[in-house]
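The values are calculated or read from the model by the stated rules, or taken from the named source; none is laboratory data. All values reported here derive from a predicted model rather than from experimental measurement. Positions of Cβ are generated from backbone atoms using ideal geometry, with glycine treated the same way; all protein chains shown enter the neighbour counts. Side chains are part of the model used for accessible areas, which takes the heavy atoms of the whole protein and leaves out ligands, DNA and RNA. Shrake-Rupley method; radii C 1.70, N 1.55, O 1.52, S 1.80 Å.
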Amino acid sequence: MAELKIRIPDDEMAWLDALSKTQGTTKTQIVRSALRTFFKANFLDRKTILLQDDRYQALVGLVGSPLTRQEIEGRKRLEKVPDWNL
């Protein structure tokens, strides 16, 4: 496992110390949790998909095209599922 050393202002270190004591966890666990949240918001939920130009153009064509009968029927079946607000 890699090691990261950071410098933070004294008041933030005091907050981190207090938080770790009240939560019964380590400062490292708090920082890791914050990083995971940041990574998820910036990377995991915003995946970039790289496509070759011809496949990208095909996708662009699909986005603007009307739904097929199979797609319409599938959506109708989904609307009948209880507790779904589609």
**Q.** Surface accessible to a 1.4 Å probe, per residue, for the residues of the chain, Å²
**A.** 101 Å²
Q.
List the GluC sites (Glu not before Pro) within the stretch 1-73 that DSSP assigns to loop and that have no more than 15 neighbouring Cβ atoms inside 10 Å.
A. GLU3
Q | Local electrostatic count at ARG69 - Lys and Arg +1, Asp and Glu -1, tallied over other residues with Cβ under 15 Å | A | +1
Q.
What is the percent carbon and sulfur in the accessible area of the chain, measuring with a 1.4 Å probe over the protein chains and ignoring ligands?
A. 56 percent
Q. Along each of its three principal axes, how wide is the spread of alpha-carbon positions in the chain, in whole angstrom units, largest first?
A. 62, 41, 24
